[in-house]
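I'd like to ask some things about the structure below.
The values are calculated or read from the model by the stated rules, or taken from the named source; none is laboratory data. Note that the structure is predicted; figures quoted are calculated from it, not measured. Don't worry about glycine lacking a Cβ; one is built from the backbone with ideal geometry, like all the others, and counts go over all protein chains shown.
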Amino acid sequence: MGGTPTRHHTKARRNKGRAHFALNTIKTVPCPKCKQQILPHRMCANCGTYRGKQVINVLAKLDKKERKQREKVLKETEGDKSNIKHQEAK
Ligand SMILES: [Zn+2]
C-alpha cells in the first residue's frame, strides 16, 4: 500500500508533471535494401540485413509456400539494389 500524502499538491504542480506524459511518434527510416520502414540503427526484419550485410536468414522459419512467395519478393527488391549500386559508382 502506498503511504498517505503528507502535503497537498497544487493543480499547477500536478499538471506540470503530466506535461511530460505525451507519447512521441515512432521514427522510422526506409530500409536501404527493401525500402520497408524500419527503426534506425536496427536490423531490417523484412529482409534480415544490417548496414548492407545479411545478418539473419529470414526464410528459415517459413514453410515451403511462404518461402517461395518471400523469395520472389526479395529477388525483385534485389534488382533495385543493383540499380542503386550503379548510381553510386557514377
Ligand atoms: Zn530490408
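Take segment 1-18 and flag every residue that is assigned to a loop (DSSP other than H, G, I, E, B) and either surrounded by 10 or more Cβ atoms within 10 Å (Cβ to Cβ) or touching a Gly at 6+ places or on another chain (Cβ under 8 Å) (or both).
Start the filter on segment 1-18 by keeping residues that are assigned to a loop (DSSP other than H, G, I, E, B), which leaves 1-10.
Hit for segment 1-18 is 9, nothing else.
Sticking with this one: Of all residues in segment 1-53, which are of a type in the set (D, E, K, R) and either near the ligand (Cβ under 9 Å from one of its atoms) or closer than 30 Å to residue 77 by Cα (or both)? Walk me through how you get there before you give the answer.
Within segment 1-53, the first condition is being of a type in the set (D, E, K, R), and the residues that meet it are 7, 11, 13-14, 16, 18, 27, 33, 35, 42, 51, 53.
Those that are of a type in the set (D, E, K, R) and either near the ligand (Cβ under 9 Å from one of its atoms) or closer than 30 Å to residue 77 by Cα (or both): 27, 33, 35, 42, 51, 53.
Condition check ((1) within 20 Å of residue 71 (Cβ to Cβ); (2) of a type in the set (D, E, K, R)) across all residues:
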| residue | (1), (2) |
| --- | --- |
| 4 | no, no |
| 15 | no, no |
| 26 | no, no |
| 29 | no, no |
| 34 | yes, no |
| 53 | yes, yes |
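Just one of the numbered conditions (1) modelled with pLDDT of 85 or more; (2) surrounded by 12 or more Cβ atoms within 10 Å (Cβ to Cβ) is not true of residue 27; which one?
It is condition (2) that residue 27 fails.
For segment 19-55, name all the residues that are part of a loop (DSSP other than H, G, I, E, B) and aromatic (Phe, Trp, Tyr). If you could, list the steps in order and put the result at the bottom.
So the first thing to find is which residues in segment 19-55 are part of a loop (DSSP other than H, G, I, E, B), and the list is 19-28, 31-36, 39-48, 51-52, 55.
The one that is part of a loop (DSSP other than H, G, I, E, B) and aromatic (Phe, Trp, Tyr): 21.
If I ask for residues that are basic (Lys, Arg), part of a helix (DSSP H, G or I) and at pLDDT below 60, which ones from segment 65-90 would you list? Give the derivation first.
The initial filter retains those residues of segment 65-90 that are basic (Lys, Arg), namely 65, 67-68, 70, 72, 75, 81, 85, 90.
Narrowing the set further to residues that are part of a helix (DSSP H, G or I) leaves 65, 67-68, 70, 72, 75, 81, 85.
Selection gives 81, 85.
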